[in-house]
Amino acid sequence: MRVGIVGIGAISPMHINGLMSCGQEIVALCDVERSRCEAAIEKFGLSSECYTDYTEMLNNSALDAVHICTPHYLHAPMIIEALGRGINVLCEKPLCINEEQLTDIENAVKGSKAQLAVCLQSRFNESAVFVKDYFNDKQIIAAAANLTWRRSEEYYAADAWRGTLDKEGGGVMINQAIHTLDLLSWICGMPKSVIAYVSNNSLRGKIEVEDTAHGLFFLENGGTFVMNATNASAKNLPNYMSFTDGEDVLEISSNNLIVNGKQVMTDGGAPIFGKVEWGTGHAKLIREYYGCIARNEKFPIDFDEAKKSVKMIFKMYQSFGERLDI
Ligand SMILES: NC(=O)c1ccc[n+]([C@@H]2O[C@H](COP(=O)([O-])OP(=O)(O)OC[C@H]3O[C@@H](n4cnc5c(N)ncnc54)[C@H](O)[C@@H]3O)[C@@H](O)[C@H]2O)c1
């Protein structure tokens, strides 16, 4: 397929490698900084055309699909432009940054034959798939996740969109912890309400967004799950998640999957791969996305699935300790 990528920044190599590994043709790259496209062409040995204007790329490159790897506030307008031209979209997370954008994207999806997919690649982690299958016909009654990371002042200062409400749309929840929250709801089921509190504990006056968030989510079955996330830690700790139905307890701790206290190994004797940090599942997700398009099947992480994490996060931002329906 003829593929274009917009936004040739930090995450773009994951998309370029993923596309190359499944034989897609990267015919166009677009970035407001042309030198970033040129550097990628050189580094990966591509013969793509370079654009600095996204609309021009869509109009001139006869694309079958576009990957959107730009700052968060641009996802919605870029999705809508591509879907309006019948071009398939694989957009980086988050789907969008507010309810208005969500409604606009929904309308664009309804009016287009093209497929919208969102890069929530942690759903392809072996450990997450194992836990989801394990509890498939059971009711999870309690789950918890901790994301304890460090994002320094320099991190936010490095790119103008980071740490801003209008361009990033939020902080640790919408940027870093969205994958973990997505896994919680994918495995436990979509919660019906939330009590949350978000705050900026370490960079007041330096960033507009939260660096710390706590959410208590209420499930239809009477169970609950808890999400704790911070970017204000002294250093990055491994992500941790636990799930129980009252009979069994499963834990994902970085690379380890633990069932009732016992580490699960693969047939080859290695620990089950359970990395939930960003980046690891891109290649699998991209291969599966193009497989679905080729077979004329619906890719599983579509608008309806991707809207769940942003809806939960929007409510976390509004809650300030009040219980809100999602
Ligand atoms: N799935 C994951 O695990 C994962 C990991 C990291 C980042 N991301 C997401 O990827 C996206 C990009 O993040 P990043 O870290 O690569 O950011 P980045 O700032 O490094 O790159 C963004 C690029 O977009 C370009 N850009 C900005 N406005 C543009 C426009 N109007 N037209 C064309 N190009 C434009 C910038 O020049 C920059 O090169 C974000 O949505 C981020 O949340 C996802």
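Any read-out appearing in this document is the output of simple, stated calculations on the displayed coordinates, not a laboratory observation. In this text the structure is predicted, and so the values were computed from the model without any measurement. Positions of Cβ are backbone-derived with ideal geometry, glycine not excepted, and every protein chain shown enters the neighbour counts.
Restricted to segment 144-155, and to residues that are hydrophobic (A, V, I, L, M, F, W, C) and in a strand (DSSP E or B), which residue is farthest from Leu257 (Cα to Cα)?
Leu147
I'd like to know if segment 173-194 contains one or more residues that are assigned to a strand (DSSP E or B) and touching a strand residue (DSSP E or B) at 6+ places or on another chain (Cβ under 7 Å).
Checked against the condition, which is being assigned to a strand (DSSP E or B) and touching a strand residue (DSSP E or B) at 6+ places or on another chain (Cβ under 7 Å), segment 173-194 yields at least one hit.
How many residues does segment 140-162 contain that are of a type outside the set (A, V, I, L, M, F, W, C) and touching a Gly at 6+ places or on another chain (Cβ under 7 Å)? Before you say what the answer is, go through the steps one by one.
So the first thing to find is which residues in segment 140-162 are of a type outside the set (A, V, I, L, M, F, W, C), and the list is 146, 148, 150-156, 159, 162.
Add one more test, that the residue is touching a Gly at 6+ places or on another chain (Cβ under 7 Å), and what stays is 156.
Count: 1.
Which pairs do you get when a residue that is within 16 Å of Tyr240 (Cβ to Cβ) and within 10 Å of the ligand (Cβ to nearest atom), found in segment 170-183, comes within reach of a residue that is not acidic (Asp, Glu) and not in a helix (DSSP H, G or I), reach meaning Cβ atoms under 7 angstrom, with the pair 6+ apart or on two chains?
From residues that are within 16 Å of Tyr240 (Cβ to Cβ) and within 10 Å of the ligand (Cβ to nearest atom), the pairs are Gln176/Leu147; Gln176/Trp149; Gln176/Ala229; Gln176/Asn231; His179/Leu120; His179/Val276; His179/Trp278.
Could you grab me the full set of residues in segment 151-169 that are within 10 Å of the ligand (Cβ to nearest atom) and aliphatic (A, V, I, L, M)?
Ala158, Ala160
Just to be sure before I move on: is Ala196 out of contact with any helix residue (DSSP H, G or I) (no Cβ under 7 Å at 6 or more places or on another chain), closer than 14 Å to Thr230 by Cα, crowded, with 23+ Cβ neighbours inside 10 Å and hydrophobic (A, V, I, L, M, F, W, C) in the structure I sent?
Values: out of contact with any helix residue (DSSP H, G or I) (no Cβ under 7 Å at 6 or more places or on another chain): no; closer than 14 Å to Thr230 by Cα: yes; crowded, with 23+ Cβ neighbours inside 10 Å: yes; hydrophobic (A, V, I, L, M, F, W, C): yes.
Criteria not met by Ala196.
Taking into account only those residues within segment 5-30 that are polar (S, T, N, Q) and out of contact with any Cys (no Cβ under 9 Å at 6 or more places or on another chain), which is farthest from the ligand (Cβ to nearest atom)?
Across segment 5-30, the extreme among qualifying residues is Gln24.
Across segment 101-121, what is the total count of residues that are over 16 Å from the mean Cα position of the chain (by Cα) and surrounded by 24 or more Cβ atoms within 10 Å (Cβ to Cβ)?
1
Which one of the conditions (1) in contact with a strand residue (DSSP E or B) (Cβ under 6 Å, 6 or more places away or on another chain); (2) within 9 Å of the ligand (Cβ to nearest atom) does Arg2 fail to meet, given that it meets all the rest?
So Arg2 meets the others, but not (2).
Kindly check whether there is at least one residue in segment 127-148 that is closer than 15 Å to Asn200 by Cβ and free of Cβ contacts under 8 Å to residues at least 60 places away in the same chain.
no
Just one of the numbered conditions (1) more than 10 Å from the ligand (Cβ to nearest atom); (2) touching a His at 6+ places or on another chain (Cβ under 9 Å) is not true of Phe44; which one?
So the condition that Phe44 fails would be (2).
Inspect segment 49-64 for any residue being over 23 Å from Met20 (Cα atoms) and not acidic (Asp, Glu) and give the result as yes or no.
Scanning segment 49-64 turns up at least one residue that is over 23 Å from Met20 (Cα atoms) and not acidic (Asp, Glu).
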